[in-house]
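Let me begin by presenting the structure, written as structure tokens, before commenting on it.
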Amino acid sequence: MPFMTDEAAGRLATRSDAPVLAVDIGGTKLAAGLVAADGQVLVSDRALTTLGPDDDGDAIWERLHALCERVLDAVGRPAIQGVGVGCSGPMRWPEGAVSPVNLPAWRDFPLRQRLIEAYPGVPVRVHNDAVAVVVAENWRGAGEGVSNMLGMVVSTGVGGGLILGGRLIDGASGNAGHVGHMVADPNGPPCGCGGIGCVEAIARGPELAAWARAQGWRSEVTEAATTKELAEDARAGDKIALQAFERAGWALGVGIASSIALCDVGLIVVGGGVSQVGDLLFEPLERHLRTYARMGFTQNARVVRATLDQNAGLVGASAFILAGDRYWSAD
Ligand SMILES: [Zn+2]
């Protein structure tokens, strides 16, 4: 029976109790951590994804690999039972060849293959970063114990994931639960995906401030103002700022109402940076949701805020290994 010294937990652990190397890759930051079998993050570290426009795909990979090695070294290089990864999309799944929109140096980059070569002998599983956050909320957060749940991450973009019958739903290409690109307004603004009036086109953080500025909010300020400043002004009673959150809440409420009708989810967990404004977003969201969701079964669905912190991406990535029977269907 192989044993390892689990220094971070201060105990001997069997291999089935071994931690998972978890990785979270975004356009701005890389994060890596060791996550124990119970979902606790034992150690984590972060690095910038790119150091400049000259960074090529291999340079970013080498930075990521060094970060993973640093995390392993920090706790005496224990045996790991797998590598779980959440990465910005899109990607070819389950191959894990990634092309993050906000990371142009990686186009069809063979991330999963590189990790398999770096950490041989253990499973390596790569999925969308928003899916990882939703999995974390279902496994150890606001949706723990809930079998039918929609998760949304409202941030620079709007991502999400779908849990039905207690399992993550992947769809034909691993892209099920792309809630940001449900159409909320067929006559709405263009979306970065090429579509029109997607939830993301209306409710993504940068769009809130951009829309408000187009209506005259802080038009005298030259530098781009953020969601945080927009929220401060809304709380102070600024009508345009309030309308910006009303509009975002409306788009989210419309999308959620359609999702409930389609999937019969009992819980919707909403996280991400924009969700941290709290009632400014959730009050109009809830009000518009109740306007559109009228059938009896849809009225019982609850909307709650995500409860995990910035480690949610790592916890979810680890769950692709640690709770693979529920969250990984591909191998
Ligand atoms: Zn779209």
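The values are calculated or read from the model by the stated rules, or taken from the named source; none is laboratory data. Predicted, not measured: the structure shown is a model, and the values here were computed from it. Positions of Cβ are backbone-derived with ideal geometry, glycine not excepted, and every protein chain shown enters the neighbour counts. Keep in mind that these areas ignore ligands, DNA and RNA; they rest on the heavy atoms of the full protein, side chains included. Shrake-Rupley method; radii C 1.70, N 1.55, O 1.52, S 1.80 Å.
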Among the residues of segment 231-248, is any open to solvent by less than 50 Å² (accessible area, probe 1.4 Å) and within 14 Å of the ligand (Cβ to nearest atom)? no
Would you please list the contacts, defined by Cβ atoms under 6 Å and residues six or more apart or on different chains, that run from a residue in segment 189-202 that is under 17 Å from Gly253 (Cα atoms) and assigned by TED's automatic domain parsing to the domain that holds Ser258 to a residue that is open to solvent by less than 10 Å² (accessible area, probe 1.4 Å) and not hydrophobic (A, V, I, L, M, F, W, C)? Val199/Gly180; Val199/Gly255; Glu200/Gly180
How many residues, within segment 141-172, are more than 16 Å from the ligand (Cβ to nearest atom) and hydroxyl-bearing (Ser, Thr, Tyr)? 1
Residues of segment 105-127 being open to solvent by 50 Å² or more (accessible area, probe 1.4 Å) and outside any loop (DSSP other than H, G, I, E, B), in sequence order, are Pro110, Gln113, Arg114, Ile116, Glu117
Which members of segment 17-65 meet the condition of being open to solvent by less than 30 Å² (accessible area, probe 1.4 Å), under 16 Å from Gln310 (Cβ atoms) and without any contact (Cβ under 8 Å) to a residue 24 or more places away in the chain? Ala47
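Criterion first (closer than 30 Å to Asp129 by Cα, hydrophobic (A, V, I, L, M, F, W, C), out of contact with any Lys or Arg (no Cβ under 7 Å at 6 or more places or on another chain) and in the same structural domain as Ala184 (by TED's automatic domain parsing)) does Ala241 satisfy it? Show your work before the answer.
On the way: closer than 30 Å to Asp129 by Cα: yes; hydrophobic (A, V, I, L, M, F, W, C): yes; out of contact with any Lys or Arg (no Cβ under 7 Å at 6 or more places or on another chain): yes; in the same structural domain as Ala184 (by TED's automatic domain parsing): yes.
The answer is yes for Ala241.
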Which of (1) under 23 Å from Pro189 (Cβ atoms); (2) modelled with pLDDT of 95 or more; (3) in contact with a Gly (Cβ under 9 Å, 6 or more places away or on another chain); (4) of a type outside the set (A, V, I, L, M) is the odd one out, the single condition Arg305 does not satisfy? (1)
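Of a type in the set (Phe, Trp, Tyr), crowded, with 17+ Cβ neighbours inside 10 Å, modelled with pLDDT under 95 and more than 16 Å from the ligand (Cβ to nearest atom), is that true of Trp217? Spell out how you get there, then give the answer.
Numbers: of a type in the set (Phe, Trp, Tyr): yes; crowded, with 17+ Cβ neighbours inside 10 Å: yes; modelled with pLDDT under 95: yes; more than 16 Å from the ligand (Cβ to nearest atom): yes.
Yes; evaluated as a whole, the condition is true for this residue.
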The number of residues in segment 182-202 that are buried (at least 21 other Cβ atoms within 10 Å of the Cβ) and more than 9 Å from the ligand (Cβ to nearest atom) is 2
Of the residues that make up segment 98-106, is at least one touching a Phe, Trp or Tyr at 6+ places or on another chain (Cβ under 7 Å) and of a type in the set (Ser, Thr, Tyr)? yes
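Quickly run through segment 297-331 and pick out the residues that are open to solvent by 50 Å² or more (accessible area, probe 1.4 Å) and over 15 Å from Asp129 (Cβ atoms). Explain how you work it out, then say what you get.
Step one: filter segment 297-331 for residues open to solvent by 50 Å² or more (accessible area, probe 1.4 Å), giving 297, 299-300, 302, 305, 307-310, 325-326, 329, 331.
Within segment 297-331, Phe297, Gln299, Asn300, Arg302, Arg305, Thr307, Asp309, Asp325, Arg326, Ser329, Asp331 qualify.
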